[in-house]
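The values are calculated or read from the model by the stated rules, or taken from the named source; none is laboratory data. Remember, predicted model here, so these are calculated numbers, not experimental data. Note: ideal-geometry Cβ built from the backbone for every residue, glycine included; neighbour counts use all protein chains shown. Note: accessible area is taken over every heavy atom of the protein model, side chains too, but ligands, DNA and RNA are not part of it. Shrake-Rupley method; radii C 1.70, N 1.55, O 1.52, S 1.80 Å.
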Amino acid sequence: MEEDLAAWSAGLDGLFAQVAGRFFRPEPRRRARAYVRGLLAPLAGKNGWTLAEVAGDATPDGMQRLLNSANWDADGVRDDLRSYVVEHLGEPGGVLIVDETGFLKKGLRSAGVQRQYSGTAGRVENCQLGVFLAYATSKGRTLIDRELYLPKTWTADRDRCQAAAIPEEIEFA
């Protein structure tokens, strides 16, 4: 058990050494490492509060700041993660798995939110849809990419996109 924990910790250290340059300040870099450790921890429920508690924080404010406003290169981290996955899990029989997940929302301002079918809810709901790409081999499995689905009603309304901080170059796909 201790050997497994040591190997796991060393693997996480190796991954974070690979992505360290994608965080432009040490605080978000440390917070991101604590966030990932929390996600990997054997917690019954994982949310901002529980992840903050595992990190030793009194509130989830720091975790929320990391996800909402900290300056870091999320696409670069994704690219580095993909390289790490190929090195450690890659094999000829690997499989890519695409799946969507609905995130139920009450308001109308979150990017991409509207009444649409959510497989998570099993019905039409007010929600966002995230599309995720996973890679699986006999060595393991992991997520390697993500994208927020933006309906035509959103991409056709550039003022609404601008208010939700959606870049001008994003189009319906």
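What does the extension gain come out to for E27 and S83, with contour length at 0.36 nm per residue minus their alpha carbon separation?
The span from E27 to S83 would gain 17.7 nm if fully extended.
Give me the distance in nm between label points sitting 7 Å out from Cα along the Cα-to-Cβ direction at A41 and K139, one decimal.
Distance between the two pseudo-spin positions: 2.9 nm.
Please compute the modelled spin-label separation between L104 and W49, points set 7 Å along Cα→Cβ, answer in nm with one decimal.
So the two model labels end up 1.8 nm from each other.
Using just the Cα positions, wrap the range 41-164 in a convex hull and report its mean projected area in square nanometres, one decimal place.
Over all viewing directions, the range 41-164 projects a mean Cα-hull area of 10.2 nm².
What does the charge dipole of the range 43-101 about its Cα centre add up to, to the nearest 20 debye, if the Cβ of each Lys and Arg holds +1 and the Cβ of each Asp and Glu holds -1?
140
Identify, among G14, A70, G102, the residue whose Cα sits farthest towards the positive end of the charge dipole of the range 1-102, taking +1 on the Cβ of Lys and Arg and -1 on the Cβ of Asp and Glu, with the dipole about the Cα centre.
A70
Among F103, F23, what's the order by accessible area (1.4 angstrom probe), most exposed first?
Highest to lowest solvent-accessible surface, that is F103, F23.
Averaged per residue, what accessible surface does the chain expose to a 1.4 Å probe, in Å²?
Value returned for the chain: 65 Å² of accessible area per residue.
Using a Cα-Cα cut-off of under 13 Å, which aspartates and glutamates could be cross-linked to K152, ignoring same-chain neighbours fewer than 8 residues away?
Within reach: E171.
With each label point set 7 Å from Cα along the Cα-Cβ vector, what nm distance links A173 and K152?
With each label point 7 Å from Cα toward Cβ, the separation is 1.8 nm.
Given R₀ = 35 Å, what would the calculated FRET efficiency be for A10 paired with R115, taking r from the Cβ atoms and rounding to 0.05?
0.15
Tally up the carbon and sulfur contribution to the accessible surface of the range 1-142 as a whole percent, 1.4 Å probe, everything protein left in place. If you can, show how the numbers build up before the last one.
Details: 4960 of 9070 Å².
Taking all protein chains in place, the range 1-142 shows 55 percent carbon and sulfur surface.
At 0.36 nm per residue, minus the direct Cα-Cα distance, what do D73 and A164 gain on full extension? Give it in nm, one decimal, please.
30.9 nm
Kirkwood Rh over Cα pairs of the range 6-82 into Stokes-Einstein at 37 °C, 0.692 mPa s: D in µm²/s?
255
What are the lysines whose alpha-carbon lies under 29 Å from the alpha-carbon of K46, with same-chain residues fewer than 8 places away excluded?
The qualifying lysines are K105, K106, K139.
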